[in-house]
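Undergrad: A single structure is presented below for examination.
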Amino acid sequence: MKREKMLKRLKKQKEPWDIVVIGGGATGLGVAVDAASRGYKTLLLEQHDFAKGTSSRSTKLVHGGVRYLQQGDISLVLEALKERGLMIQNAPHLVKNQAFIIPNYEWWDGPFYQVGLKVYDLMSGKLGIGSSKRLSKEETVEHIPTIDQNGLKGGVVYYDGQFDDARMALTLAKTAHQYNGVMLNYFEVTGLEKNAEGIIEGLKARDRESGKNYSIKAKAVINATGVFADSVKKMDEPEVKTMIQPSQGIHLVVGKEFLPDKYAIMVPQTKDGRVMFAVPWHDKVVLGTTDTMKEKPELEPEAQEQEIDFILETAGQYLTKQPTKSDILSVFSGLRPLAKPEGDGKSTKEISRHHKVMISQSGLITIIGGKWTTYRKMAEDTVDNAMLIGALPERKCITKNLPVSGYDKNLDLTTDPLAVYGTEKYQLLELEEEDPGLAEVISETIPLRKSQVIWAVKHEMARTVEDMLARRVRGLFLDATESLRVSGRVAEIMAEELGEGSEWIDEQLESFNEVAGKYII
C-alpha cells in the first residue's frame, strides 16, 4: 500500500468513481472495505492520517455493551454482540477474547450481575465467546491479586473482545486496497460539486503534501467523518442544524504492576453512573473512561484535570495501590461522534449509540453515531443506501465472512508484539534475516525495531513521525516519554526512506514534541 501508487491511480481515473468516501476512521474505512469488496470503484480521502481521531483513541474493546443492556437498549446490544463475534472471526490477529471481572462488594451484587450477564451470554448466540460465572472471594483475588479485598464478597467473570484500534483501521485500509480501493491520507476535501439541479456529482480536494487541487467526479459521495460530519454537511447545506454532540472520553495508561494477570476489571456503575474499565493492553494497563460533553470537535482533544482525577480516584477504590499522576505513562483523549438528541437535557451517557444513515436533498449520504464494534454493519447500511443513490448495479454485501488483510489465527496477541501484522509478520522477519541491521531495537518498552519503521513507510503509508509512533506502533499511547526519547532515531530512518533531509527531520520533531506533550501529565 503505497501513497505514490494511489495518487497515480487517482490521476488515471477518467470515469466517475462509483463511491467516494470522506473520512478515514473506523466508519469510513469500513465503508471503503464494503464498497470495494462489492466491486464498486471506490476512493477514500482522509484529511490527516488513517484513524488520527476518535478511531485510535477507544478503550480498545470489541463489546456488546453491558452498560447498554443495563439501560434496556436490547437491539443495540444484540447487534453489537453479533458484530463482536464477526470481528473476532474475521480478524483473529487483531481481536482477542478478554476475560473481565466485576468485583462484588455487596451481597446482592453477585446474583444481580450474574443474571444480567447470563442474558448477555444468551444474546451472543452461536457467536458467543465464553460463559459468565460467579467467583468466590478467593477466586476473585487469585485472578486479580491487586484487587482491594476490604469488604470484597466475590466477583462475576464474563467475556468480551479486545483489539488494537489503530492497527485494525490500517488493516481495513489494506483490505479495501486489496479489492482495488484507492486510499489516500493527507488529502483534504475542500468542497462539494453539484450539477444544475443541485445534485452532488463529485467534490473538490487538495493533496496536503503537494498542495495540488483536484476535481473528483463520483456517483455517490459518503460523509463518514465522525465528529467532523457537521462541517462536511455544511458544505452541502450551509444553514443545516448541527447533528453531532461530541462526548469526550479519556484514558490513562499505567504499568502492568497495577493488573499483573490477564484479567480485566469492569466497574458497571461508578459514583456518577458511568462504567469504568481497567484492561491489560500491550503489556500495560488502560484505565478509563470518562463521558464529558464537549462544545465542538477537535483533532487533538486534551484531557481535563478533573477527568484525570476522577479516573485515578475511581481506580484507587478497587485496587490495593492507589495510582497517582506519577504512575501515568500516557493520557489520551477521544471524542465520540454521538447523534445529537432531540431537545435538551440529555447527558452524553444517555445518548443512544445507534448509528444513523441520512441522505440530503442533494444526495449526500451521511453516516453518524455507532461505535467501533458495529463498524461493519454501519458500512453495510451505508453502502446499501449508496447503491440506490448512485444508481449502482445491485450487489450484496460480503463482509460478514470476509477475512481482513493479514488474517492469521495462529498468532498470540498476548505475548507477540508482531502479531498485529498478521501474515506480514513473516515478511518483516525475512527483511531482518536478509539485513541483520534492520533488527536494531529502537525501544524495548514500546517495543519497536528498525524494520517496523521501514515497513511502515514502504507499505503502510506512514508519512510523519507521529503516524509511526502513534498509530503504526502504539508508542505514544503506551509510553509518551519513551516515544519522545526515540523520536529522533525514528525521524532519521523515515527521512532516509522518504528521501527527506535535516530540515524535514527538524520540522517533524518539533511537530511531534508538540503533540506528545498533550499525552504527558
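The values are calculated or read from the model by the stated rules, or taken from the named source; none is laboratory data. Please read these numbers as outputs of a predicted model, since none were measured by experiment. Positions of Cβ are backbone-derived with ideal geometry, glycine not excepted, and every protein chain shown enters the neighbour counts.
Undergrad: Among the residues of the stretch 230-237, is there at least one that is out of contact with any strand residue (DSSP E or B) (no Cβ under 6 Å at 6 or more places or on another chain), surrounded by fewer than 23 Cβ atoms within 10 Å (Cβ to Cβ) and under 20 Å from Gly334 (Cα atoms)?
TA: yes
Undergrad: Do the conditions hold for Lys82, that is, is it in contact (Cβ under 8 Å) with a residue 40 or more places away in the chain and not aromatic (Phe, Trp, Tyr)?
TA: When the stated conditions are applied, Lys82 passes them.
Undergrad: Taking the stretch 56-79 on its own, how many of its residues are crowded, with 20+ Cβ neighbours inside 10 Å and free of Cβ contacts under 8 Å to residues at least 60 places away in the same chain?
TA: 2
Undergrad: Only one residue in Asp408, Asp412 is of a type outside the set (Lys, Arg), assigned to a loop (DSSP other than H, G, I, E, B), free of Cβ contacts under 8 Å to residues at least 40 places away in the same chain and at negative phi. Which one?
TA: Answer to the selection: Asp412.
Undergrad: Could you identify the single residue in Arg485, Arg463 that is buried (at least 18 other Cβ atoms within 10 Å of the Cβ), modelled with pLDDT of 95 or more, basic (Lys, Arg) and within 27 Å of the chain's Cα centre (by Cα)?
TA: Only one candidate passes the filter, namely Arg463.
Undergrad: Tell me whether the stretch 142-153 contains one or more residues that are surrounded by 22 or more Cβ atoms within 10 Å (Cβ to Cβ), within 30 Å of Asp384 (Cβ to Cβ) and touching a residue at least 24 places away in the same chain (Cβ under 8 Å).
TA: The answer is no; no qualifying residue exists.
Undergrad: Among the residues of the stretch 5-33, how many are surrounded by 15 or more Cβ atoms within 10 Å (Cβ to Cβ) and either part of a loop (DSSP other than H, G, I, E, B) or among the acidic types (Asp, Glu) (or both)?
TA: So the answer is 5.
Undergrad: Is the stretch 93-113 home to any residue that is under 24 Å from Asp384 (Cβ atoms) and crowded, with 18+ Cβ neighbours inside 10 Å?
TA: no
Undergrad: Condition first: part of a helix (DSSP H, G or I) and out of contact with any helix residue (DSSP H, G or I) (no Cβ under 9 Å at 6 or more places or on another chain). Can you find one or more residues in the stretch 51-68 that meet it?
TA: From the stretch 51-68, those part of a helix (DSSP H, G or I) are 54-56, 66-68; that's our starting set.
Checking which are out of contact with any helix residue (DSSP H, G or I) (no Cβ under 9 Å at 6 or more places or on another chain) leaves us with none.
No, the conditions are met nowhere in the stretch 51-68.
Undergrad: Restricting attention to the stretch 87-132, which residues are basic (Lys, Arg) and at pLDDT 95 or above?
TA: If the condition is that a residue be basic (Lys, Arg) and at pLDDT 95 or above, then Lys96 is the only one that fits.
Undergrad: So which of Leu61, Leu94, Leu43, Leu29 is in the same structural domain as His177 (by TED's automatic domain parsing), within 17 Å of the chain's Cα centre (by Cα) and among the aliphatic types (A, V, I, L, M)? Even if it seems obvious, please write down each step before you answer.
TA: Values: Leu61 fails: in the same structural domain as His177 (by TED's automatic domain parsing); Leu94 fails: in the same structural domain as His177 (by TED's automatic domain parsing); Leu43 fails: within 17 Å of the chain's Cα centre (by Cα).
Of the residues listed, the single one that is in the same structural domain as His177 (by TED's automatic domain parsing), within 17 Å of the chain's Cα centre (by Cα) and among the aliphatic types (A, V, I, L, M) is Leu29.
Undergrad: Can you report the number of residues in the stretch 326-353 which are modelled with pLDDT under 85 and not in a helix (DSSP H, G or I)?
TA: 12
Undergrad: While we're on this one: Pull up the stretch 280-309, narrow it to residues that are touching a Ser or Thr at 6+ places or on another chain (Cβ under 6 Å) and buried (at least 20 other Cβ atoms within 10 Å of the Cβ), then point me to the one that is farthest from Asp261 (Cα to Cα).
TA: The qualifying residue farthest from Asp261 (Cα to Cα) is Pro301.
Undergrad: Of all the helices (runs of 4 or more DSSP H) wholly in the stretch 463-521, which have at least 1 residues that are touching a strand residue (DSSP E or B) at 6+ places or on another chain (Cβ under 6 Å) and not hydroxyl-bearing (Ser, Thr, Tyr)?
TA: Answer list for the stretch 463-521: 475-478, 480-498.
Undergrad: Write out, first by first residue and then by second, each pair whose Cβ atoms fall under 8 Å of each other, whose residues are 6+ apart or on separate chains, and whose first residue, in the stretch 183-194, is closer than 16 Å to Pro238 by Cβ while the second is of a type outside the set (S, T, N, Q) and in a loop (DSSP other than H, G, I, E, B).
TA: What qualifies is Leu192/Leu364.
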